[in-house]
1. Once you keep just the Cα pairs under 8 angstrom separated by 6 or more residues, what percentage relative contact order results for the stretch 12-65?
2. Using the Kirkwood radius over Cα pairs, work out the Stokes-Einstein diffusion coefficient for the chain at 25 °C and 0.890 mPa s, in µm²/s as a whole number.
3. Which residue fluctuates the most in the chain, going by a Gaussian network model with Cα springs under 10 Å, if the choices are 19, 55, 45?
4. Give me the number: length gained by fully extending residue 59 to residue 71, i.e. 0.36 nm times residue separation minus the C-alpha to C-alpha distance, one decimal in nm.
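Throughout, read-outs are computed from the coordinates displayed, never taken from laboratory work. For clarity, every value in this text was computed on a predicted model and none was experimentally measured.
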């Protein structure tokens, strides 16, 4: 049976750097070492609060989980 090892989570807040009406330019603020045990709701809440500290508008909050697999 496969088991997960060394689980990690990162949080990315995507922001709109500029917009000319047709095209938007995006940037990303990435926060590493987020506790993998946090629920999606908690990660979204944290990302939204961090995004509110930015001078740019928030486009999206993303969570990325990774883990090694072994037996």
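1. Over the stretch 12-65, the number comes to 49 percent.
2. Approximately 181 µm²/s, per Stokes-Einstein.
3. Comparing 19, 55, 45 in a Gaussian network model of the chain, the most mobile one is 19.
4. 0.4 nm
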